[in-house]
Amino acid sequence: MRMREVAIRLRIRFVRENVEREVIALIKSGYETLELEILVPSDVARELLLYPQLPPGSLVKEYRLADGSSSKLIKIPKAVKIYVAEEDRVVGPVESSWLLLRKLKSLS
């Protein structure tokens, strides 16, 4: 009998300067990196003032996704601090780079 992968979701708090946003995030997606990276939709990046005006150092990289396909994503290095925010405690922060789902024509 083969074991099924279990999706793990946690409440994550993103903090950048004086702006915060909490989301429920899929933690175990089969995606591995050498440094902490998190894939986020552009609307969350917009709320944290990281999009559409990208900070200096942002770049477009090609990534192989968990399903085996590849895609060009916008990487914003060391963009935010991340906390795990559960009912009984908050753990963190750790600094993370962001990958944006939406591509920008001007950077492609």
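Here are the numbers for the structure shown:
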{"read-out": "Residues of segment 75-94 that turn out to be in contact (Cβ under 8 Å) with a residue 40 or more places away in the chain and either of a type outside the set (D, E) or closer than 11 Å to F14 by Cβ (or both), as a count", "value": "11"}
{"read-out": "Conditions (1) under 30 Å from E5 (Cα atoms); (2) part of a strand (DSSP E or B); number of the one not met by V60", "value": "(1)"}
{"read-out": "Residue selected from segment 2-46 under the condition modelled with pLDDT under 85 and of a type in the set (D, E, K, R), by the criterion surrounded by the most Cβ atoms within 10 Å (Cβ to Cβ)", "value": "K28"}
{"read-out": "Close pairs from segment 47-74: first at pLDDT below 85, partner assigned to a loop (DSSP other than H, G, I, E, B) and loosely packed, with under 12 Cβ neighbours inside 10 Å, Cβ under 6 Å, at least 6 apart", "value": "A66/G30"}
{"read-out": "Some residue of segment 26-43 being more than 14 Å from L73 (Cα to Cα), β-branched (V, I, T) and in a loop (DSSP other than H, G, I, E, B)", "value": "yes"}
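The values are calculated or read from the model by the stated rules, or taken from the named source; none is laboratory data. All values derive from a computational prediction rather than experimental measurement. Virtual Cβ from ideal backbone geometry, glycine too; neighbours counted across all protein chains shown.
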